[in-house]
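J.: Got a structure for you, questions after.
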Amino acid sequence: MDNNTNTTNTDRRRRIMLINPPTGLYRRDDRCQSKVDDQTVRVVFAPVDLALLGAIARQAGAEPKVCDYPALNQSEGVFIADIKTFRPHILFLNSTVHTLAKDMELVAKARDFDPGILTLLHGEGVVVQAEKVLRDYPQCDAILDGEPELTLREIVTTVPDEQTLWQTPGLVCRDGSGTPFRTGKRPLIESLDILPLPARDLLNNKIYHSPENGKPLTVIQAQRGCPSKCVFCPAGSMFGYVVRERSVESIMAELKECVEKYGITNFLFHGDTFTLHKPWLLKLCDAIINSGMKIHWGCNSRIDTIDDERAAALKKAGCWVVAFGFEHGNQNMLNLMRKGQRAERAFEAVSICKRNGLLTHGFFIAGLPWETKRTLQQLYLYARKLNTDFFDFNIACPLPGTELYNICLQEQLFVHTDSSSYAHAGVRTLSLSAEELTEWRRKTLLKMYFRPTYVARIIIHAIKTGTIKHYLAAALSRVKNLVKTT
Ligand code: SF4
């Protein structure tokens with residue numbers, strides 16, 4: 001982290017603070033916006049999105065500071081102290097629907113200290129209700145709409161005041177009369193290669209660990225966009241419905257920098273449909289293999305875009321785990337959520353991974369409006385039969401702007417809007433209460449964990465890979481969490 005002390009606002013260089021505010025540990029840049037503690041595999045990802053914006057700010061001649069307060073378990077007091085010492089001209093926050101009110105309290109405090117700070121908000125759940133946010137929170141100057149990088153570059157370069165901000169595309173801000181105003185969509189970035197590599201020197205890279213082996217882990221943003229339109233997911237509205245991949249050369253340059261400059265050899269390739277374009281994927285795997293870098297990584301895949309050739313290449317290039325959004329074992333539920341996949345195909349995807357030596361992580365969703373006791377039982381049996389190495393059951397958590405959110409509004413399914421999360425249902429289904437869903441998830445996870453064959457399998461894997469300490473710690477904290485919520 002930067003350590004600027006007693007900077008004054010008379011300095012010529014623009015200073016920008018890019019933060020995950022100390023209002024809870026969430027996947028703030030992610031389409032899920034989930035609470036980290038709600039996930040089976042508790043992993044805090046490095047805020048590479050902020051490091052990328054830091055690199056953009058530097059290119060524009062500004063001085064960036066990145067602060068990931070929740071990851072460091074730092075309080076509001078540390079944030080205020082940072083505001084006082086760093087004296088930012090611009091404060092950029094990653095916000096979520098779950099933390100918005102608290103995030104805004106912090107912004108107000110920063111503003112109390114320096115009314116001249118330009119305050120910018122970013123977050124998928126926030127942008128869809130941006131007009132309301134601007135009306136409710138005068139301390140927020142603008143909300144970034146769409147991909148933030150080029151918009152931020154323009155803001156940092158031109159440093160508009162509140163009167164001229166509304167001329168910058170890609171924002172929701174106030175016009176001359178103070179009325180919320182959308183400045184117009186900024187086109188998606190055509191070639192992601194125009195972006196600089198994330199400025200990882202702005203991050204405390206050592207605090208982000210692989211849950212598997214405890215070694216430093218970072219995220220590589222390999223692609224953006226998803227062609228699917230699942231009712232619960234904002235991926236398409238965030239990054240478009242066409243997949244844009246970075247070039248293999250650009251990704252290799254980033255991997256090399258991580259390994260050589262930062263000593264990081266564990267990675268998560270972030271991309272909603274990482275295995276979609278086979279030639280690109282095979283070329284990337286070949287490049288990793290030929291580079292001789294010994295790296296350990298995981299990625300996502302759709303169940304219908306994995307085959308033996310891809311899986312073998314992934315394994316050879318250092319991939320150890322592939323995550324799949326199986327979602328549900330009831331085909332009608334899959335159709336209603338517009339997942340565009342066959343439940344049966346999941347078995348083939350898991351088999352392909354197994355025979356190529358890859359572990360699998362299954363994500364399932366429970367509690368969509370059409371869920372019943374019968375479909376929940378089908379979901380449990382499906383997950384058992386798939387028998388993946390890791391699994392998560394997420395309760396449907398409607399994010400504003402998604403089709404699911406509109407359906408829940410229409411059917412009046414919201415019950416606990418404030419406490420809604422992937423572990424605690426905030427919506428009921430047409431036939432089940434929110435409490436039934438929360439309890440089903442808790443009991444189902446415990447049943448899944450305590451299958452004797454599963455416990456034996458994980459212990460054998462942990463012993464073989466010398467990671468028993470990490471698995472034990474993860475298992476204890478997970479089970480404690482689940483028992484605690486009784
Ligand atoms: S496949 Fe569905 S859930 Fe996955 S990223 Fe695309 S829209 Fe979201």
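J.: Ignoring ligands, DNA and RNA, what accessible area per residue does region 15-182 give at 1.4 Å, in Å²?
T.: Each residue of region 15-182 exposes 33 Å² on average to a 1.4 Å probe.
J.: What is the Å³ per residue value for the convex hull set by the Cα atoms of the chain?
T.: Considering the Cα atoms of the chain, their hull volume per residue is 139 Å³.
J.: Just want the answer: with Cβ charges of +1 for Lys and Arg and -1 for Asp and Glu, which residue in ALA235, GLY362, GLN59 is farthest toward the dipole's positive end in the chain?
T.: GLY362
J.: I'd like the distance separating the alpha-carbon centroids of region 53-107 and region 278-324, in whole Å.
T.: 35
J.: Over all Cα pairs of region 227-288, how is the pair count split among 5 Å bins, expressed in % and running from 0 up to the last occupied bin?
T.: 4, 15, 22, 21, 16, 12, 8, 2, 0
J.: Could you go through region 379-385 in sequence order and give the Karplus-derived ³J(HN,Hα) for each residue, using 6.51 cos²θ - 1.76 cosθ + 1.60 with θ = phi - 60°, rounded to whole Hz, and x for Gly and Pro?
T.: Computed from phi, the couplings for region 379-385 are 4, 4, 5, 5, 4, 4, 5 Hz.
J.: Could I ask something else about it? How big is the charge dipole of region 268-409 about its Cα centre, in debye rounded to the nearest 20, if each Lys and Arg gets +1 on its Cβ and each Asp and Glu gets -1 on its Cβ?
T.: Taking the Cα centre of region 268-409 as origin, the dipole is about 240 debye.
J.: Kirkwood-based Rg over Rh for region 379-486 (C-alpha set), two decimals?
T.: A ratio of 1.06.
J.: Extension gain ALA456-ASP175, at 0.36 nm per residue separation less the Cα-Cα distance, in nm?
T.: Roughly 94.9 nm would be gained on extension.
J.: If you don't mind, there's one more thing I want to ask. Tell me the Kirkwood hydrodynamic radius of region 42-131 in angstroms, computed as one over the mean inverse distance between distinct C-alpha pairs.
T.: Value: 14.1 Å, from the Cα pair sum.
J.: Can you order the peptides 174-180, 381-387 by their average number of other Cβ atoms within 10 Å per residue, highest first?
T.: Taking the mean over residues of other Cβ atoms within 10 Å, the ranking is 381-387, 174-180.
J.: Over region 290-381, how many percent of alpha carbon pairs lie in each 10 Å bin up to the one with the longest distance?
T.: Result returned by the calculation: 16, 43, 26, 12, 3, 0.
J.: Sticking with this structure for a sec: Please give the helix 452-465 orientation as an angle from the longest Cα principal axis of the chain, in degrees from 0 to 90, rounded to the nearest 10.
T.: Value to nearest ten degrees: 60.
J.: When you count, for each residue, the other Cβ atoms within 10 Å and take the mean per peptide, how do 472-483, 349-360 rank with the highest first?
T.: By packing density, highest mean first, the sequence is 349-360, 472-483.
J.: Normalise the Debye intensity by I(0) for region 209-484, one equal point scatterer per Cα, no solvent, then take log10 at q = 0.11, 0.13 Å⁻¹ and round to two decimals.
T.: So the normalised log intensities work out to -0.67, -0.95.
J.: Give me the dipole magnitude in Debye, nearest 20, for the chain about the Cα centre, with unit charges on the beta carbon: positive for Lys and Arg, negative for Asp and Glu.
T.: The calculated dipole for the chain is roughly 1600 debye.
J.: Taking a spot 7 Å from the Cα of LYS256 along the direction of its beta carbon, which residues of region 195-223 have an amide N less than 20 Å from it?
T.: What the label zone holds, given the 20 Å backbone N cut-off, is 195-201, 218-223.
J.: Right, here's the next one. Measure nothing fancy, just the Cα-based angle from helix 345-355's long axis to the longest principal axis of the chain, in degrees from 0 to 90, nearest 10.
T.: That helix lies at roughly 80 degrees to the long axis.
J.: Amide H neighbours of LEU171 under 5 Å, at least 5 residues apart or on other chains, H built in the peptide plane: list them.
T.: ASP145, THR183, GLY184
J.: Would you tally the net charge around SER433, using a Cβ to Cβ cut-off of less than 12 Å, leaving SER433 out, and scoring K and R as +1, D and E as -1?
T.: -2
J.: Next question. If you add up the charges near MET238, with Lys and Arg at +1 and Asp and Glu at -1, over every other residue whose beta carbon is less than 11 angstrom from its beta carbon, what do you get?
T.: -4
J.: With a 1.4 Å probe and every protein chain kept in, tell me what percent of the accessible surface of region 209-484 is carbon plus sulfur.
T.: 58
J.: Distance from the Cα centre of region 398-469 to that of region 332-372, in angstrom?
T.: Using only Cα atoms to place each centre, the spacing works out to 15 Å.
J.: Where q = 0.14, 0.19, 0.23, 0.30 Å⁻¹, what log10 of I(q)/I(0) comes from the Debye formula for region 186-237, counting one point per Cα?
T.: Log10 of I(q)/I(0), two decimals: -0.63, -0.91, -0.96, -1.14.
J.: Which order, highest average first, do 193-201, 231-239 follow once you tally other Cβ atoms within 10 Å for each residue and take the mean per peptide?
T.: Listed from highest to lowest mean packing, they are 231-239, 193-201.
J.: Shifting gears a bit: Measure nothing fancy, just the Cα-based angle from helix 248-262's long axis to the longest principal axis of the chain, in degrees from 0 to 90, nearest 10.
T.: Approximately 80 degrees, to the nearest 10.
J.: For GLY214, what is the net charge nearby, where nearby means another residue's Cβ is under 13 Å from its Cβ and Lys, Arg count +1, Asp, Glu -1?
T.: +3
J.: Go through ALA462, SER421, THR444 and say which Cα lies farthest out towards the positive end of the charge dipole of region 410-467; charges sit on Cβ, +1 for Lys and Arg, -1 for Asp and Glu.
T.: ALA462
J.: About the Cα centre of region 15-182, what is the dipole size in debye to 20, counting +1 per Lys and Arg Cβ and -1 per Asp and Glu Cβ, all else neutral?
T.: Here the size comes out at about 200 debye.
J.: Can you give the Rg/Rh ratio of region 15-182, where Rg is from the C-alpha atoms and Rh is the Kirkwood radius?
T.: Result: Rg/Rh = 0.94.
J.: Let me ask something additional. Beyond a 32 Å Cα-Cα separation, which of these cross-linked pairs lie in this structure: LYS278/LYS443; LYS102/LYS469; LYS354/LYS447?
T.: In this structure, LYS278/LYS443; LYS102/LYS469 lie more than 32 Å apart at Cα.
J.: Something else about it: Starting from the amide H of LEU399, placed 1.01 Å from N in the peptide plane, find each other amide H under 5 Å away whose residue is 5 or more places distant or on another chain.
T.: Counting only residues 5 or more places away or on other chains, the set is TYR405.
J.: On to the next question. Under the rule of at least 5 residues apart or a separate chain, name every residue whose amide H is placed under 5 Å from the amide H of PHE267.
T.: THR218, HIS296, TRP297, GLY298
J.: Sticking with this structure for a sec: Indicate, rounded to the nearest 5 percent, the antiparallel portion of the DSSP beta bridges found entirely in the chain.
T.: 20
The values are calculated or read from the model by the stated rules, or taken from the named source; none is laboratory data. Bear in mind the structure is a predicted one, so any value in this text is a computation, not a measurement. Neighbour counts run over all protein chains shown; Cβ positions are idealised from the backbone, glycine included. The accessibility values were calculated without ligands, DNA or RNA, using every heavy atom of the protein model including side chains. Shrake-Rupley method; radii C 1.70, N 1.55, O 1.52, S 1.80 Å.
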